[in-house]
Amino acid sequence: MEKAPTATIFLMYCAFKINLKSKKIYERHLGRSSWERIEGVSYIYDLNDFLNDPEIKLIVISTPLSSHYEYAKKVLEAGKNCLVEKPFTETTAEAIQLFKLAEEKDLRLEACQNRRFDSDFLTAVKMTESGKLGEVFEIESNYDYYRPEVPENIEKFSRTTSFLYAHCHSIDQIIGYFDKPEKIHCDLHQLMGEGRMNDYFDVDMYYPSRNLKVAIRSSYFMNKLRDSLRVYGKNGTSIKEKEDQQEKDIKRFYLPKGHPDFGLDKPEDYGTLYTLNDKGETVEEKIETVPGNYARFYEALYETLVNSKPPVVKPEETIELMELIENAVASMDSSCYSRLPM
């Protein structure tokens, strides 16, 4: 695909783990990729070669966001099931149209939100459900970089390159676990100046019926990274400093086959639980990280396609996510959309 090899390699290793066969990869510019070809896979430049192949049951779209709607529509119209890379489409209206088309043709369409199987998020879920924290009232999720060269090189604002669109997985994690928030507040910035890239966001999601607030933040300008996930309860706090390691391993071609430690934290990377003992003293306890496993997404997708199990990412969750990020970007840049209340 036109995207960096990470997404394709990730797909290939997941297919290997659940014994699926990857048959073809479509490249819009055949031969331009510098990374090594995958044995047993055909590389094509004519999309019809994909669409007209009766053996192909699922087509995965990991091209740039601007082409997601166009390609997904073609795939569905050709009678193929479709998986679309996050954040799915540019607009909510496009997402609704695609899901309607999939329903009309009795096909499966899903957003690839594999980050629901990040180790730091799964560990936070474990601590939320453990009872050790008591009633959980606040969660902080941070996904930071120090890459000032990225926004410095983008001189024109575009929603397709906005930081919120590109890093929506943190919001999807919360929607997937807690459902749609009852109230939302979004704070987006262009630290390089008006009209430049959106390079910072702070999204607060409120669940008054649960007495819960979730704060999701990210920036390209954090030279001291914030803790990945903090969970605050009335009886304790859990802190996971480091994020999931799977993507880092994939990017360096350190794949699961032959590497049993793929994506795993070392003990020094475990999170910490802080509680009080009977004397009112703070007690620290290491939290063993729940292993992340992106292959679980594809295992669930297989079950959906073959055995009609419910999808991991429901259509309504994808639409809710699209509404949230679309409205948030609209509130920052009125030239993209008419201003919508949050």
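The values are calculated or read from the model by the stated rules, or taken from the named source; none is laboratory data. Values in this document were obtained by computation on a predicted structure and should not be read as measured data. Heads up, the Cβs are rebuilt from the backbone with ideal geometry, glycines too, and the neighbour counts pull from every protein chain shown.
Answer yes or no: is there a residue in the stretch 258-267 that is among the acidic types (D, E), free of Cβ contacts under 8 Å to residues at least 24 places away in the same chain and touching a strand residue (DSSP E or B) at 6+ places or on another chain (Cβ under 7 Å). Looking through the stretch 258-267, none of the residues is among the acidic types (D, E), free of Cβ contacts under 8 Å to residues at least 24 places away in the same chain and touching a strand residue (DSSP E or B) at 6+ places or on another chain (Cβ under 7 Å). Scanning the stretch 133-156 for residues that are surrounded by fewer than 16 Cβ atoms within 10 Å (Cβ to Cβ), on the phi > 0 side of the Ramachandran plot, assigned to a loop (DSSP other than H, G, I, E, B) and touching a residue at least 12 places away in the same chain (Cβ under 8 Å) turns up at least one hit.
Among all residues of the stretch 177-186, there is at least one that is in a helix (DSSP H, G or I), over 21 Å from T89 (Cα atoms) and among the hydroxyl-bearing types (S, T, Y). Selection of strands (runs of 3 or more DSSP E) fully inside the stretch 217-290 by the criterion of at least 1 residues being modelled with pLDDT under 95 and either in contact with a Gly (Cβ under 7 Å, 6 or more places away or on another chain) or of a type outside the set (A, V, I, L, M, F, W, C) (or both) returns 282-287. Scanning the stretch 309-332 for residues that are assigned to a loop (DSSP other than H, G, I, E, B), touching a Lys or Arg at 6+ places or on another chain (Cβ under 9 Å) and farther than 30 Å from D261 by Cβ turns up just one, P311. For the stretch 288-330, a tally of residues being crowded, with 17+ Cβ neighbours inside 10 Å and closer than 30 Å to H189 by Cα returns 16.
What about Y298, is it under 29 Å from L164 (Cβ atoms), assigned to a helix (DSSP H, G or I) and of a type outside the set (V, I, T)? Considered against the rule, which asks whether it is under 29 Å from L164 (Cβ atoms), assigned to a helix (DSSP H, G or I) and of a type outside the set (V, I, T), Y298 comes out as yes.
Selection of first residues in the stretch 37-58 that are more than 20 Å from A102 (Cβ to Cβ) and of second residues that are in a loop (DSSP other than H, G, I, E, B) and basic (K, R), restricted to Cβ pairs under 8 Å at least 6 apart or on distinct chains, gives the following pairs, ordered by first then second residue: V41/K23; S42/K23; Y43/R37; Y45/R28; E55/K23. Within the stretch 134-160, restricting attention to residues that are over 23 Å from D118 (Cα atoms) and among the polar types (S, T, N, Q), the residue that is farthest from the chain's Cα centre (by Cα) is N153. Considering (1) surrounded by fewer than 17 Cβ atoms within 10 Å (Cβ to Cβ); (2) out of contact with any Leu (no Cβ under 6 Å at 6 or more places or on another chain); (3) not small (G, A, S), the lone condition that E285 does not fulfil carries the number (2). Within the stretch 291-342, take every residue that is of a type in the set (V, I, T) and farther than 17 Å from M205 by Cα and give me the one that is modelled with the lowest pLDDT. Filtering first and then ranking leaves V306.
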